[in-house]
Structures are given as structure tokens and as C-alpha cells.
1. Compare Val123, Val47 by solvent-accessible area with a 1.4 Å probe and give them largest first, with all protein chains kept in place.
2. To the nearest 10 square angstrom, how much accessible area does Lys51 have with a 1.4 angstrom probe?
3. Please work out how much accessible surface Val32 shows to a 1.4 Å probe, ignoring ligands, DNA and RNA, in Å² rounded to 10.
4. Given Cα positions, please report Rg to Rh for region 32-102, the hydrodynamic radius being the Kirkwood one.
5. So, for region 26-90, what is the accessible surface per residue at a probe of 1.4 Å, expressed in square angstrom?
6. Go through 85-92, 156-163 and give me the packing order, highest mean Cβ count within 10 Å leading.
7. Can you give the accessible area of Tyr35, probe radius 1.4 Å, in Å² rounded to 10?
Amino acid sequence: MSDTTPKSIPPKRSGWLRKLAWIAGILVVLLVVVYFVATSSAFLRGVVLPKVSKALGADVTVADTQISPFSRVMLRDLKVQPPAGEPLLTVQEIHANYSLWSIIGGNIVVSEVVIESPVVTVVQNADGTCNLDFLTKAPAKETKPTPPAPAKAAKPPQIDIKKIALNNWLISHLKLTDHPHCKI
């Protein structure tokens, strides 16, 4: 004979703890992925440098980067080149040590900035243009309505730079004349 009495079903456990663990795990994985993407040379060259280049109106390139988002940034072979001209700035290496937690707290604390072998070249062309013109001439901006002023003014960040080192630097000029923006 078979037993026809219904078997007791175990009480259903609350799955909220399991769901919370899954959500926490997914967030940790996403943070790790964002960390590796944001600290990669490809991200810097593919996203950050094109935006900096567009904002400056010049081509900004680096050969290599090392980024530790909590404490250090290092750039090798930095070059700033205006359109159709000779490079304005070349730097063999720049590295900066900082505190991300201080920056998040509103204080920019940089313990050291070292700039190795920077070369600044100012060029005066025969037509009167200068390789500094892209910096001194603001691009025409679209007129946008001005947003209302904030009710409470924000506290400006506090900047604390402990040490700056400029090693083996050179400023050169080619055919420098009385152009108002090309004076050193």
C-alpha cells in the first residue's frame, strides 16, 4: 500500500539574505572591473587624453602610464602638440604622489610632483602665428542660458603641495619676435 497522505513541505526560507549576498558580490565584481578599466593605459589614451586634447585644442599624447588611483600617477613621454605645428611641450616623465581620500574630502594633498626633462618650445612663424595661440585664443562657445547661482557657496578645495621637482628642464624659442603671446 502506498501512503496517500501529503508529505509536509519544509517552511520556505526567506531569500532576502541570499539576495543581499548576491547584490554585494556583484557590486564587488563591478568595482574590481571599474578599478582595472580606469587604471589602464588604454582607458587613459582612449578616453581621457582625447577629452584633454579637445579641451586644449592640441594633440596630447603619452607613451606609457602607470596609475594607482589611491596614491600615484606616472606618465612617460608626454607631448602637447598644437595643430599643424611643432610640439609645445615634451616631458620624459611626470609622476605625482597624492592622497585620494584627502581629495574626496575636499583637500588636494600632493606629497610630490616630479617632472623629468621637460622641454618647452615656443615658435614664432613667419605669418605672425605662434604655437601658443591655441592656448591664448578661446574657442567660440555656444551661448547657453546661465544657470541660477547656487543658494550656498561651496567651500573651495584646500591645496597642499609638499614638493615639486623640475629636473633637466629646457625652454627654447625659435624665431621669437614681438608677437604679444610669444614672449617668455
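The values are calculated or read from the model by the stated rules, or taken from the named source; none is laboratory data. All of these numbers come straight from a predicted model, not from anything done at the bench. Using ideal geometry, Cβ is built from the backbone for each residue, glycine included, and neighbour counts are taken over all protein chains shown. Quick note on the areas: whole protein, heavy atoms, side chains included, nothing else; ligands and nucleic acids left out. Shrake-Rupley method; radii C 1.70, N 1.55, O 1.52, S 1.80 Å.
1. Result of the area sort, largest leading: Val47, Val123.
2. 140
3. 70
4. 1.01
5. 61
6. 85-92, 156-163
7. The accessible area of Tyr35 comes to roughly 80 Å².
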